[in-house]
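Single-structure report; data block below.
The values are calculated or read from the model by the stated rules, or taken from the named source; none is laboratory data. Note that the structure is a prediction, hence the values are computed from the model and not measured. Heads up, the Cβs are rebuilt from the backbone with ideal geometry, glycines too, and the neighbour counts pull from every protein chain shown. Areas reflect the complete protein model, heavy atoms only, side chains present, ligands, DNA and RNA absent. Shrake-Rupley method; radii C 1.70, N 1.55, O 1.52, S 1.80 Å.
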Amino acid sequence: MTVEQIPSHPVPQRLLDASKCPKPHVSSIEQYKAMWQESVDDPEKFFGNLAKELLSWSKPFDTVKHGSFENGDIAWFMGGELNASYNCVDRHAMKNPDKVAIIHEGDEPDQVRKITYGELLRDVSKMANVLKSRGVRKGDNVAIYMPMIPEAIVAILACTRIGAPHSVVFAGFSAESLRDRVVDCSARVVITSDEGRRGGKNIATKRIVDDALGKGQANQVESVIVFKRTGTPVPWVEDRDVWWHDEMAKARSVCAPEPMNAEDPLFLLYTSGSTGTPKGILHTTGGYLLGAATTVKYIFDVHPNDVYACMADIGWVTGHSYIVYGPLTLGATTVLFESTPTYPNPSRFWDLIQKHKITQFYTAPTAIRALRRLGDQWLDGYDLSSLRILGSVGEPINPEAWNWYNEKVGKNQCAIVDTYWQTETGSIIVSPLPGAIATKAGSATLPFFGVKPMILDPTTGKEITEPDVTGVLAISQPWPSMARTVYNNHTRFLDTYLNPYPGFYFTGDGASRDADGYLWVRGRVDDVINVSGHRLSTAEIESALVNHETVAEAAVVGGNDDLTGQCIHAFVSLKPHVEAGEGLEKELTLQVRKIIGPFATPKRVYLISDHPKTRSGKIMRRILRKIVNGEQDSLGDISTLADPSIVEQLIQKVHGDN
Ligand code: PRX
């Protein structure tokens, strides 16, 4: 089906019926258009008002917006002071201490914990005092490597309370990846747990931390604070490791929040780029918090009695903005889910929704595709009528998955919000508003407030105005929650995002716009692949492979995959005189898992005699990409290759046994 043939779904009538649902914050397309226009024409007024409405400031800001893409000096709300943990916890605890802040659904469905705003304030304050007692001061970076438990949120907010930027590392990363990230941000304190629980299995979290910290510069770490999740005995490093519960028992439950400048760093989050080393994306306090809160208010249309659930992991940006900062800034109830969509069976999500009467549910296309494939019977008998909004994030959603989500989960009564954004954008930048914008399966539709997207010709950098022509997606003016820099490497920030198309923020994604102005994001145009919504750098995987003693050269490309969106294909040539012993492919697969983490497992590893190279020795990844995607009939001109005959061998290797 072409874009023009995909039907438009109007806003579900039920959402606009005051007897059935709370009135949406934006309830017509005209209202959206007027607000969007003001947000881009007069951002000072628009965001100045929102920042006063949604955030509490200990000192008011002097200017709303400062800087430009040309100068790479973006700042918002300068002169203002605020504290993120105060905004997420104290002010709600004072007004409404018994309101549930976090519903934790543990790995087993009967393990449910509810934490009120009053309890959260006590725990966050205690943990903040624990961090101080371990020597953490304003401006010191703290690493967090934790499973999906409420203490992870407590740890995050405790850092923000004392002005210590946190660097959460996804607990699926290997010891080596964790070490790189701890070293890069010079963290002297790491917060972790003895083990994690996921899908009925124990995960050796503390052991991975020990492996990460044992060597080299990671020795800088002075304290490891360990939460007891399973109680399994774990190795202990005297003088470095302390138990969470012992320290909490000693700590005072009052800790004044540190007033932070709006532009003080709030957190670092490492993400993969085109080159081998991950980038520490830096977000600051005022603008980021406003972006997270504003998008939860308008895109998830949160109202006081809602139970809002985002299924992402707190180790990724979606967890930061849409489990922690956005919902808690608004004083909402947020669900934290420790398990997987299929444990103990594929009804788990529907059971979760029914049990907690969830109103907004946010997950990734990969999960939707996997559940669709397992069959509709897993939805039978579940009452999902509490739902109003169903969100999708992380990768393009194919119309089949979108329609299934809409019909089977939403019963055609919910708004589907396909939300497009990135670690660097801090919060959603393109999405429908549930009460205002008609949807089309596969399109993230229209820009959010303050965001002015443009489609540019990749070679000339000129704006493409004709509909349905794919170019690169760029944003033409700053918005509050955008990243400010790459930690310790502003040049890399400028070179990656602001210099490629001067005057624009470059997303790295390809996109087109249809005749209705709807945006269709096509996927990355750089060497980044997206596997199940996880962003991976091909260069990082290649360097993990080349690290193996047998490997001479490696080239990694993304293949299309019905379930995971993309998958990893690795082409490896061996060093001279190395024999490809039995099981070497498996060993190389394990090598990637060990160096990066299990989520980066290659789907196929091909041992080849050589890569397709230009005469100057550059690997033509484009050819490999076409071959793995079955496009070997349209390889184009291969006569410029140093050895064109290699192509036939590669086709045989990939498709020979089919
Ligand atoms: O390629 C886009 C894809 O995910 C990338 C950002 O990845 P990350 O920083 O890990 O953040 C993921 C969660 C926001 C983007 O450059 N992407 C994200 N959302 C969508 C998407 N692609 C298409 N449609 C989306 N809704």
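For the stretch 174-206 and the stretch 522-550, what is the centre-to-centre distance using only Cα atoms, to the nearest Å?
The two parts, judged by their Cα centres, are 21 Å apart.
Quick one: accessible surface of His534, probe radius 1.4 Å, all protein chains present, in square angstrom to the nearest 10.
40 Å²
Relative contact order of the stretch 169-222, please, whole-number percent, based on alpha carbon pairs below 8 angstrom and at least 6 residues apart.
Rounded, it is 41 percent for the stretch 169-222.
Project the alpha carbons of the chain onto their principal axes and report the range along each, largest first, in whole Å.
Extents along the principal axes: 73, 63, 57 Å.
Restricting to bridges with both residues inside the chain, how much of the DSSP beta-bridge set is antiparallel, in percent to the nearest 5?
About 60 percent, rounded to the nearest 5.
On average, how much area does the Cα convex hull of the stretch 497-561 cover when viewed from any direction, in nm²?
6.6 nm²
Could you sort Trp402, Trp236 by accessible area so the largest value comes first, with the probe set to 1.4 Å?
Output order, biggest surface exposure first: Trp236, Trp402.
Keeping all protein chains in position, work out how much accessible area Asp42 exposes to a 1.4 Å probe, and write it in Å² to the nearest 10.
60 Å²
Take Asp90, Asp211 and sort them by solvent-accessible surface of the protein heavy atoms, 1.4 Å probe, largest at the top.
Ranked from most to least accessible, the order is Asp211, Asp90.
Over the chain, what relative contact order in percent results from Cα pairs under 8 Å that are six or more residues apart?
Once normalised by length, the contact order is 13 percent.
So how strong a dipole does the stretch 1-84 carry about its Cα centre when Lys and Arg Cβ are +1 and Asp and Glu Cβ are -1, to the nearest 20 debye?
About 480 debye.
Using the charge dipole of the chain (Lys, Arg: +1 at Cβ; Asp, Glu: -1 at Cβ; taken about the Cα centre), state which of Leu446, Tyr298, Gly597 has its Cα farthest towards the positive end.
Selected residue: Tyr298.
Give the accessible area for Leu563 in Å² (nearest 10); use a 1.4 Å probe, count only protein heavy atoms, and leave out ligands, DNA and RNA.
It works out to around 50 Å².
Return the subset of Lys132/Lys297; Lys45/Lys114; Lys99/Lys126; Lys20/Lys65; Lys206/Lys279; Lys126/Lys355 for which the Cα-Cα distance in this structure is over 28 Å, preserving the input order.
Over 28 Å apart, Cα to Cα: Lys132/Lys297; Lys45/Lys114; Lys20/Lys65; Lys126/Lys355.
Could you tell me which of His356, Leu473, Leu268 has its Cα farthest along the dipole of the chain towards the positive end, charges placed at Cβ (Lys, Arg +1; Asp, Glu -1), taken about the Cα centre?
Value: His356.
By the scheme Lys and Arg +1, Asp and Glu -1, what is the net charge of all other residues having a beta-carbon under 15 Å from that of Thr614?
So the surrounding residues net to +1.
Which of Leu371, Val654, Leu213 sits closest to the plus end of the dipole of the chain, meaning its Cα is farthest towards the positive end, when Lys and Arg get +1 and Asp and Glu get -1 on the C-beta?
The one lying farthest along the dipole's positive direction is Leu213.
If each of Thr342 and Glu585 carries a label point 7 Å out from its Cα toward its Cβ, how far apart are those two points in nm?
Roughly 2.2 nm, to one decimal.
If the cut-off is a Cα-Cα distance under 19 Å, which lysines reach Lys201, setting aside same-chain residues fewer than 8 apart in sequence?
Those lysines meeting the cut-off are Lys228, Lys594.
Would you list which aspartates and glutamates come within 12 Å of Lys452, measuring only between C-alpha atoms, while excluding same-chain residues fewer than 8 positions from it?
Glu38, Asp41
Which whole-number percentage describes the relative contact order of the stretch 464-562, with Cα contacts under 8 Å and a sequence gap of 6 or more?
22 percent
Express in % the proportion of alpha carbon pairs of the stretch 560-658 at distances exceeding 18 Å.
52 percent
At 1.4 Å probe size, with the rest of the protein present, what percent of the exposed accessible area of the chain is carbon and sulfur atoms?
50 percent
Where nothing but the Cβ of Lys and Arg (+1) and of Asp and Glu (-1) is charged, how large is the charge dipole of the stretch 217-371 around its Cα centre, in debye to the nearest 20?
Using Cβ point charges on Lys, Arg, Asp and Glu, the stretch 217-371 gives about 540 debye.
Explain nothing, just the number: dipole magnitude of the chain about its Cα centre with +1 on each Lys and Arg Cβ and -1 on each Asp and Glu Cβ, in debye rounded to the nearest 20.
1300 debye
Can you give me the Cα centroid spacing of the stretch 1-79 and the stretch 554-613 in angstrom?
What the calculation gives is 44 Å, centre to centre.
Where the centroid of each part is defined by its Cα atoms, how far is the stretch 377-453 from the stretch 464-482 in Å?
With the stretch 377-453 and the stretch 464-482 each reduced to a Cα centre, they are spaced 20 Å.
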